[in-house]
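Enquirer: One structure is given below, represented as structure tokens, and several questions about it will come after.
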Amino acid sequence: MSGFGPHCDIRRNDAHEVSASASLDGVMWLELEGAVNIRDVGGIPTGDGGSTTAGRLLRADNLQNLSPSDVSYLVDTVKLTTVVDLRTLGEITSEGPAPLTRVASVEHVHHSLVPERAWDTPDALLARRREEQAQHQGDRTCGAYLGYVEQRPESIVGALRAIASAKGPALVHCAAGKDRTGVVVAFALTVAGALREHIVADYAASGERIEAIIKRLSASRTYAEDVARIPIDGHRPLPETMAQFLDQIDLRYDGVHCWLDRNGFTASEVATLRGRLRGQA
């Protein structure tokens, strides 16, 4: 995997280490007790020779199990101000209030990328998978991502607006932090001018944590049955999936920027989001 930027190592000096650390490949992981796939997307190279700015956008898996120490770190050290939740209302209701929802200084916005229906019944799952396959014959996961942009464009646009308007660092998450979150972050990084190969690499980085992600989801009554349907490697995000998805966005919509324009995300909003992610606003 290509490097994202300079080595970074930001740590709290206490018994419970909560850190934002970059491995040799430059991924800026945050090591928390209650989330296993959380990272800062700063330091990703852009086409103009720059990079995205750290401390502006984080991506994560489910935040239901954050410990008090995790919450303190995100609120007091990271200075998190906005959480963008991409899960369905069914997921949110089943999981119950997350610890960060009790923090008055953190705004929570909800933008489901999946149509609000009984998605967790066997019949609904089968119907959805058929729809996904129809979207893109070569890769069902890519088909699911294309389904997001076709079925819930207003949610993708809403999520990007929330990131752009955040008063401080924003965090976008779903359940695993790789699929729905991956699509929104890929669009955001494209607006920021990130090189496509590095957008793909950021997406694939969740594969480094897939065993821990699936272990955590398997312990939840909300997700256990669904994740058990597929072998663990079937959950692993593949770089070719995101590459194919972005290629399909180019073929079908003339690229991310044209898709955004067609769905009401204005040139001014593009500039604001780009400025936020590049440290210019």
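The values are calculated or read from the model by the stated rules, or taken from the named source; none is laboratory data. Since we're looking at a predicted model, the values are computed, not measured. Methodologically, a virtual Cβ is constructed for each residue, glycine included, from the backbone with ideal geometry; neighbour enumeration extends over all protein chains shown.
Enquirer: Filter segment 223-261 down to the residues that are small (Gly, Ala, Ser) and on the phi < 0 side of the Ramachandran plot, then identify the one that is surrounded by the most Cβ atoms within 10 Å (Cβ to Cβ). So that I can check it myself, show each step before the final result.
Expert: Within segment 223-261, the subset small (Gly, Ala, Ser) is 224, 228, 234, 243, 255.
Those still in the list that are on the phi < 0 side of the Ramachandran plot too: 224, 228, 234, 243.
Numbers: 224: 11, 228: 12, 234: 12, 243: 18.
Ranking the candidates gives 243 first.
Enquirer: I've got another one for you. Between residues in segment 266-281 that are in contact (Cβ under 8 Å) with a residue 24 or more places away in the chain and residues that are surrounded by fewer than 19 Cβ atoms within 10 Å (Cβ to Cβ) and outside any helix (DSSP H, G or I), which pairs lie under 8 Å by C-beta distance while being six or more apart or on different chains?
Expert: That search, which allows pairs on different chains as well, returns 272/281; 274/193; 274/280; 278/46; 278/50; 278/193.
Enquirer: Quick check on segment 156-182: of everything there that is farther than 10 Å from residue 60 by Cα and of a type in the set (Val, Ile, Thr), which residue is surrounded by the most Cβ atoms within 10 Å (Cβ to Cβ)? I'd like the intermediate steps shown before the answer.
Expert: Within segment 156-182, the subset farther than 10 Å from residue 60 by Cα is 156-170, 179-180.
Imposing the further condition that a residue be of a type in the set (Val, Ile, Thr) reduces the set to 156-157, 163.
Details: 156: 23, 157: 18, 163: 26.
Applying the filter and picking the extreme gives 163.
Enquirer: Is segment 45-52 home to any residue that is touching a strand residue (DSSP E or B) at 6+ places or on another chain (Cβ under 8 Å) and free of Cβ contacts under 8 Å to residues at least 40 places away in the same chain? Spell out the reasoning first.
Expert: Initial filter on segment 45-52 (touching a strand residue (DSSP E or B) at 6+ places or on another chain (Cβ under 8 Å)): 45-47, 51-52.
Subsequent filtering for residues that are free of Cβ contacts under 8 Å to residues at least 40 places away in the same chain retains none.
No: segment 45-52 contains no residue that is touching a strand residue (DSSP E or B) at 6+ places or on another chain (Cβ under 8 Å) and free of Cβ contacts under 8 Å to residues at least 40 places away in the same chain.
Enquirer: Only one of (1) at pLDDT 95 or above; (2) among the hydroxyl-bearing types (Ser, Thr, Tyr); (3) within 24 Å of residue 155 (Cβ to Cβ) fails for residue 77. Which number is that?
Expert: Condition (3) is where residue 77 drops out.
Enquirer: Looking for something over 24 Å from residue 64 (Cα atoms) and more than 16 Å from the chain's Cα centre (by Cα) - is there at least one such residue anywhere in segment 200-211? Give the derivation first.
Expert: Residues of segment 200-211 over 24 Å from residue 64 (Cα atoms): 200-201.
Narrowing further to those that are more than 16 Å from the chain's Cα centre (by Cα): none.
No, that holds for no residue.
Enquirer: In this structure, does residue 87 turn out to be closer than 20 Å to residue 173 by Cα, of a type outside the set (Val, Ile, Thr), at pLDDT 90 or above and surrounded by 20 or more Cβ atoms within 10 Å (Cβ to Cβ)?
Expert: On the way: closer than 20 Å to residue 173 by Cα: yes; of a type outside the set (Val, Ile, Thr): yes; at pLDDT 90 or above: yes; surrounded by 20 or more Cβ atoms within 10 Å (Cβ to Cβ): yes.
For residue 87, the condition - closer than 20 Å to residue 173 by Cα, of a type outside the set (Val, Ile, Thr), at pLDDT 90 or above and surrounded by 20 or more Cβ atoms within 10 Å (Cβ to Cβ) - is met.
Enquirer: Then there is this: Read through the list (1) β-branched (Val, Ile, Thr); (2) part of a loop (DSSP other than H, G, I, E, B); (3) touching a helix residue (DSSP H, G or I) at 6+ places or on another chain (Cβ under 8 Å), then give the number of the only condition that residue 230 fails.
Expert: Going through (1) β-branched (Val, Ile, Thr); (2) part of a loop (DSSP other than H, G, I, E, B); (3) touching a helix residue (DSSP H, G or I) at 6+ places or on another chain (Cβ under 8 Å) one by one, residue 230 breaks only (3).
Enquirer: Kindly provide the set of residues from segment 183-222 that are crowded, with 19+ Cβ neighbours inside 10 Å and assigned to a loop (DSSP other than H, G, I, E, B), ordered by number.
Expert: 192, 222
Enquirer: Among the numbered criteria (1) within 30 Å of residue 226 (Cα to Cα); (2) under 15 Å from the mean Cα position of the chain (by Cα); (3) assigned to a loop (DSSP other than H, G, I, E, B), which one does residue 58 miss?
Expert: Every listed condition holds for residue 58 apart from (3).
Enquirer: Given the options 162, 134, name the one that is assigned to a helix (DSSP H, G or I) and either modelled with pLDDT of 95 or more or under 15 Å from the mean Cα position of the chain (by Cα) (or both). Outline the logic, then answer.
Expert: On the way: 134 fails: either modelled with pLDDT of 95 or more or under 15 Å from the mean Cα position of the chain (by Cα) (or both).
Criteria check complete, one pass: 162.
Conditions (1) within 14 Å of residue 168 (Cα to Cα); (2) at pLDDT 95 or above, marked per residue:
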{"residue": "24", "(1), (2)": "no, no"}
{"residue": "27", "(1), (2)": "no, no"}
{"residue": "47", "(1), (2)": "no, yes"}
{"residue": "55", "(1), (2)": "yes, yes"}
{"residue": "59", "(1), (2)": "no, yes"}
{"residue": "69", "(1), (2)": "no, yes"}
